[in-house]
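S.K.: Below is one structure. I have some questions about it.
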Amino acid sequence: VKWVMSMAAQDKTQDYTTLALTPDLFAPAAEAFLSYNICYDQIVKLMEEYDTSKDGTLDKTELTQLLKALNENITPLEADVTWVMEHADVIGNGLITKPELHKAISLWYVHSGSAEVISEGAAMRKRIHELCDQ
C-alpha cells in the first residue's frame, strides 16, 4: 500500500499518508502497479542477480552494476546513477526495492539517451514490456 500511494504522490516529499486515492491519483498508481505486475518475473530475476547483499534491495553500487549491464557493459556515470536512484526511490529509503526497480529501469532508458527511441510514454511502456518478455 505504501508503494502504491507513493507512486500516486506527485513527488516523494509528499506525505502519502495524507493522500486519498482520488480519480486523479488512481490512474498513475494503477498504471505503476499493473506495469510492475506484468514485469514481476523479470524484476525478480534482475533483483536476484544484482542484489549481491541478498537483502531484497539494490544499493547504489548494486544499481550501478545493473545499469552497466543495461548500458552495453559501459559503467554509467555516478551522476546518472544518483539521478536514477533519487527519482526511482519513491519510498525514500535510499535503496531500490522490487517495485521501484521497474521505475529505475524505465528512468534509465529515458535518462541515458534512449529518449529518442522511446520519446513518448506509450513507446516507453512498450519497450519496458518487451524487456519483461525476454
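Each value in this text was obtained by applying a stated rule to the coordinates, not by laboratory testing. Computed from a prediction, not measured in an experiment: that's the story for all the values here. Methodologically, a virtual Cβ is constructed for each residue, glycine included, from the backbone with ideal geometry; neighbour enumeration extends over all protein chains shown.
S.K.: Determine the sum of side-chain charges near residue 43: Lys and Arg each +1, Asp and Glu each -1, restricted to other residues whose C-beta is under 10 angstrom from that of residue 43. Kindly include the intermediate steps, with their values, before the conclusion.
M.R.: Numbers: positive: 45, 98; negative: 41, 48, 100.
Net charge around residue 43: -1.
S.K.: Starting at the first residue of region 78-85, write each ³J(HN,Hα) from the Karplus equation 6.51 cos²θ - 1.76 cosθ + 1.60 with θ = phi - 60°, in whole Hz, x for Gly and Pro.
M.R.: 4, 5, 5, 5, 4, 4, 4, 4
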